[in-house]
Structures are given as structure tokens and as C-alpha cells.
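One structure is given below, encoded as C-alpha cells.
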Amino acid sequence: MDILDLFYKGGPAMWPLLVLSILSLSVIFERLWFWLRILTQEKEIVDRVLDAARDNWEVAAEIAKRATDQPIGRFLYAPLSLPNSDTETFRLALESTAEDELAGMRRGEKLLEAVIALAPLLGLLGTVLGLIHSLRSIRIGDLGTESTAGVTTGIGESLISTATGLIVAIVSLTFYRLFQGFLVNQVKVFRKAGNEMELLYLQSPPDFNNSTSVVQEASRDSFNPPRKRGKSTFPEPPAPPNAPDSLES
């Protein structure tokens with residue numbers, strides 16, 4: 001009941017502050033769940049993909065494809081999903097995917113910024129409106145008498161909205177800075193993983209088409225008839241009329 005009393009005593013500015021607090025809390029809880037899933041799984045995904053890439057790029061691509069529900073998985077799978085890629089294409093795929101994923105990690109950031117800016121102003125506005133309402137009822141002849149006690153009480157109650165706006169802004173700012181720290185850490189993780197992937201690519205570039213073509217070529221050769229296989233290797237046989245002469249000689 002005390003909370004409800006404070007809410008009603010805070011004046012009309014408490015309603016927009018309530019809406020801002022609900023929006024802020026919804027973003028905070030959603031982002032906390034988002035970052036919790038990322039931070040607990042991304043190191044394992046990066047290690048598995050890079051370890052597999054040192055031996056077999058196809059296995060690394062398969063592992064990254066199974067992890068595409070995570071931003072780091074989509075980041076590592078982007079260059080590996082290209083059928084034909086050179087060094088520049090490989091790097092561009094990593095950079096463009098990193099930009100998209102990091103932009104998605106900023107979701108809700110603008111809303112928190114708006115709450116941080118608006119909540120103190122709305123609280124101050126509620127205080128000013130409360131002061132205007134309280135001072136309007138003061139008469140010069142009542143100064144110094146007991147009739148001004150209600151005015152001082154109204155002034156004290158008008159400060160409730162300012163305190164509420166500051167609390168909403170402080171909580172939102174705290175989590176906003178926390179999420180900014182997570183984002184900065186993700187930039188480092190993406191840069192490190194991307195550099196290691198590019199280094200492995202330069203050492204032994206993946207060639208999925210080559211492995212596929214080798215398999216197809218081997219299977220085609222195994223089913224070729226002997227006539228076609230020997231056509232380009234052995235010379236043409238001599239004409240039949242000359243066969244007896246070559247045997248006599």
C-alpha cells in the first residue's frame with residue numbers, strides 16, 4: 001500500500017515513468033537472457049570450429065553450420081558456406097557478417113538511451129507541476145502560520161516523481177553500460193576468431209570443389225570403357241594388310 005500511495009502522490013508524471021520503467025525492464029531481461037546464452041557457448045563453438053579447420057575444412061563448415069543459432073556460429077559459417085572463395089572474398093564475408101551480428105547485438109540500445117534521457121526530465125516535470133499546484137494555494141497572510149503545513153507537505157510529495165525518474169534512469173544506465181561492455185568484448189572475440197580463421201585459410205585454403213571434382217573424376221574414370229581409356233594413351237593399330245609383312249620381317 002505504501003508503494004501505491006507514493007505512486008499516486010507523485011502526480012501525473014508517474015504514469016509515463018511507469019511505462020518507461022516497464023519498457024526498460026523488458027529490454028533488460030531480454031538482453032540478459034540473450035547475453036547469457038552467448039557467453040556460455042561461444043568459446044566452445046570457436047574452439048571446435050578452429051580445431052576442425054586445422055585438419056578438415058568440410059568438418060569445420062559442418063560444425064559451424066550446426067551452430068548458426070548463435071552469432072559466432074553464423075560469423076564462422078559465412079565464409080565457409082561460399083562455394084568458390086579467394087582470400088579477399090573470405091575476408092569480406094567475415095567482415096560483413098561481423099557487422100550484421102554486432103548490429104543485432106545492439107538491439108534495445110536506443111530504447112535504453114531514450115529511457116535514460118527521458119526519465120529524469122519527466123521526474124523533474126512532475127516536481128515542477130507539483131510545486132506549481134502547492135504554491136498556488138499559498139496566501140501571503142498565511143505565511144508563518146499552521147496553514148502552510150499542507151503546502152510544505154505538497155512540496156515534499158512533488159519530489160517523489162523526481163526521485164522515481166532518477167531511479168529509473170540509474171537502473172537503465174547501469175545495465176546499458178553492462179551491455180556495452182559485453183558488446184566491446186564481442187568485438188574482440190570476433191576479431192580474434194576471424195584472424196585465426198583467415199590465417200588458417202592462408203596456410204591451407206579450403207577447396208570443396210576440388211575434393212568434389214576429384215571424387216567425381218575418380219568415379220567417372222572407374223566406369224569408363226577400356227576403349228576410351230586407351231584412346232589417348234596407345235597409338236592406333238596398323239592396318240590389316242601390313243600385318244603379315246611386319247611378322248615376316
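The values are calculated or read from the model by the stated rules, or taken from the named source; none is laboratory data. Predicted model only: the values in this text are computed from it and were never measured. Ideal geometry is used to build each Cβ from the backbone, glycine not excepted, and the neighbour counts take in all protein chains shown.
Of everything in region 71-94, what is in contact (Cβ under 8 Å) with a residue 24 or more places away in the chain and under 20 Å from residue 188 (Cβ atoms)? Give them in sequence order. Once the filter is applied, which keeps residues that are in contact (Cβ under 8 Å) with a residue 24 or more places away in the chain and under 20 Å from residue 188 (Cβ atoms), region 71-94 yields 71, 72, 73, 74, 75, 76, 79, 91, 94. Filtering region 126-170 to residues that are assigned to a helix (DSSP H, G or I), β-branched (Val, Ile, Thr) and at pLDDT below 65 leaves 140, 148, 151, 152, 153. Checked against the criteria, residue 201 counts as of a type in the set (Ser, Thr, Tyr), touching a residue at least 40 places away in the same chain (Cβ under 8 Å) and either under 30 Å from residue 51 (Cβ atoms) or exposed (fewer than 14 other Cβ atoms within 10 Å of the Cβ) (or both).
Being hydrophobic (A, V, I, L, M, F, W, C) and closer than 25 Å to residue 167 by Cα is not true of residue 50. If only residues of region 24-37 that are of a type in the set (A, V, I, L, M) and crowded, with 17+ Cβ neighbours inside 10 Å are counted, the one that is farthest from residue 178 (Cα to Cα) is 27. Out of all the residues in region 1-22, which are closer than 20 Å to residue 155 by Cβ and part of a loop (DSSP other than H, G, I, E, B)? Answer for region 1-22, where residues must be closer than 20 Å to residue 155 by Cβ and part of a loop (DSSP other than H, G, I, E, B): 10, 11, 12, 13.
crowded, with 19+ Cβ neighbours inside 10 Å, at pLDDT below 95, more than 18 Å from the chain's Cα centre (by Cα) and over 16 Å from residue 195 (Cβ atoms), is that true of residue 85? Yes: the conditions hold for residue 85.
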